[in-house]
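Take a look at the structure set out below.
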Amino acid sequence: MFNNRVKIKELLQSESTGRQVVVMGWVRTFRNNQFIALNDGSTNNNLQVVVELGLLDEATLKRITTGASLKVTGEVVASLGKGQKYEVKAQTIEILGDSDAEKYPLQPKKHSLEFLREKAHLRFRTNTFGSVFRIRHSLAFAIHKFFNDRGFLYLHTPVITASDAEGAGEMFRVTTLPFDNPPRNDDGSVNFKEDFFGKSTNLTVSGQLEGELGAMAFAEIYTFGPTFRAENSNTTRHLAEFWMIEPEMAFSDLEDNMNLAEALLKYLIGYVMVNNREDLEFLAQRLQEEEKQKPQAERSELGLIEKLEFVLNNAFERITYTEAIDILLESPAYKKKKFTYDIQWGTDLQSEHERYLVEKHFKKPVIVTAYPKEIKAFYMRQNDDGKTVAAMDILAPGIGEIVGGSQREERLEKLEEKMAQMHIPAEELSWYLDTRRFGTVPHAGFGLGFERLVLFLTGMTNIRDVIPFARTPRNCEF
Ligand code: ATP
Ligand code: MN
């Protein structure tokens, strides 16, 4: 058996000295031919391995370079150096893999996030990305725990679909047809009957419609998987491939939906505060340093952990879209013409408006409800005013929209009417309409963008830095 190692996190936490251990990891630094800072990814805290004079020959010492991988056996002893309680006094050191110090891209110094994006295959080995991806992992785990504890069924919705849930036309096509010479119909259009599935297919933009089918039998379901949008928006908040959490609940209205979303977000914050304290503290510190570079006016009032605590301990503000528009129209920012986009009842809130509401006006997460029906999807439930639908978006500080959801239209005639108005062919969605034909019930759900959640919890500011390998317009490396 090769793997008899103890993880560095565990070793540093346990309170015993004198025992023999095997540790394996990658060298972060090697000082004075004597002190190795070894990291195995279990924590940002490196293990100090002490190499006593004469243990290794000159040639081996030279091979202990940043990035090299080692197997160390030795004794755990109390550390005299500052910064750690324990260290390992090496008895044997085996070099598992060399790393040419001249060529290794990660020097033991601070690299910019932009540089590290180009080296995304190695950036996991830095403190920042170590913390970010351990928190991302924790969040994924906590999401499953949250829903499982509440009796939600995890439904695997398909990645390849023939339906366009939003009618948004931002889909990646899936095909096996030769694109240089596809089979054609008499009118010259591509004949998708000859394609793999016998029809035109795409990567899913959302699992919601299939999720609703599940909710109509299991009552409470959630999906958690990758979704794809070919939207050409090169922003710090959009990816072409991102992960989404989509619960769907039968026997529920918009308020139940808001309550669930708020409870979920708070649960996740609480979970990470307890289980990833060390990584959060590291990122909070990092953010603080970063903020120092900014002019006073742009600095955030709260540190990362204070921000999370604040969100955890305060009820989210709940307002209607109409109220939001009124607040914006009355705002000093609007009067001083600070907004780029116009504000008018009936048009969608732009990111600058969302951030004004959250960061300047309310200074906490805001749930906006009752949006004009024209700017929202066909499946959202019509309100009695005839003008708005039972939608809800949650806006978070520093992020903008983090959740988008609604109570769904459960009344068959209303739904058919809406689909006709929006030119959505009912035949293609007859399976969806069946849920309204056979035992329809009030139901609601939402989509939480996983990477936006990770942004929020880590204080990172670019979505490319919270997914292992980002897919964005003109960029698909690794
Ligand atoms: P936005 O207006 O920010 O583009 P949206 O209205 O298109 O968002 P929805 O279709 O409601 O978003 O999707 C649900 C959630 O998925 C959003 O609230 C957001 O958290 C996340 N999301 C949407 N598009 C993206 C994307 N391209 N990359 C990452 N996350 C996304
Ligand atoms: Mn979008």
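The values are calculated or read from the model by the stated rules, or taken from the named source; none is laboratory data. Keep in mind that what you see is a predicted model, and the values were worked out from it rather than measured. Cβ: placed from backbone, ideal geometry, glycine included. Neighbour counts: every protein chain shown. Surface areas here come from the heavy atoms of the whole protein model, side chains and all, with no ligands, DNA or RNA. Shrake-Rupley method; radii C 1.70, N 1.55, O 1.52, S 1.80 Å.
Structural remarks
- When the stretch 237-263 is limited to residues that are near ligand 1 (Cβ under 10 Å from one of its atoms) and not aromatic (F, W, Y), the one that is farthest from L113 (Cα to Cα) turns out to be E246.
- Boolean, L116 is buried (at least 16 other Cβ atoms within 10 Å of the Cβ), part of a loop (DSSP other than H, G, I, E, B) and in contact (Cβ under 8 Å) with a residue 12 or more places away in the chain: no
- Odd one out for V174 among (1) within 29 Å of E248 (Cβ to Cβ); (2) open to solvent by 40 Å² or more (accessible area, probe 1.4 Å); (3) hydrophobic (A, V, I, L, M, F, W, C): (2)
- For G400: the one exception among (1) on the phi > 0 side of the Ramachandran plot; (2) at pLDDT 95 or above: (2)
- Summed over the stretch 226-260, residues that are more than 16 Å from ligand 2 (Cβ to nearest atom), charged (D, E, K, R) and either in a strand (DSSP E or B) or touching a residue at least 40 places away in the same chain (Cβ under 8 Å) (or both) total 3.
- Tally of residues being polar (S, T, N, Q), over 27 Å from the mean Cα position of the chain (by Cα) and open to solvent by 40 Å² or more (accessible area, probe 1.4 Å) across the stretch 83-113: 4
- Residue match in the stretch 274-293 (condition: under 30 Å from R150 (Cβ atoms), open to solvent by 40 Å² or more (accessible area, probe 1.4 Å) and among the aromatic types (F, W, Y)): no
- Evaluation of G188 against the conditions (1) farther than 23 Å from R452 by Cα; (2) free of Cβ contacts under 8 Å to residues at least 40 places away in the same chain; (3) open to solvent by 50 Å² or more (accessible area, probe 1.4 Å) shows that the sole unmet condition is (3).
- You will find that of K418, K360, the residue that is out of contact with any His (no Cβ under 9 Å at 6 or more places or on another chain), in a helix (DSSP H, G or I) and open to solvent by 50 Å² or more (accessible area, probe 1.4 Å) is K360 and no other.
- Taken over the stretch 200-236, residues that are near ligand 1 (Cβ under 9 Å from one of its atoms), small (G, A, S) and surrounded by 20 or more Cβ atoms within 10 Å (Cβ to Cβ) amount to 1.
- Residue in the stretch 323-335 that is within 16 Å of ligand 2 (Cβ to nearest atom) and either part of a helix (DSSP H, G or I) or small (G, A, S) (or both) present: no
- Pick from the stretch 391-413, criterion more than 12 Å from T369 (Cβ to Cβ) and over 17 Å from the mean Cα position of the chain (by Cα), ranking: most open to solvent (accessible area, probe 1.4 Å): E413
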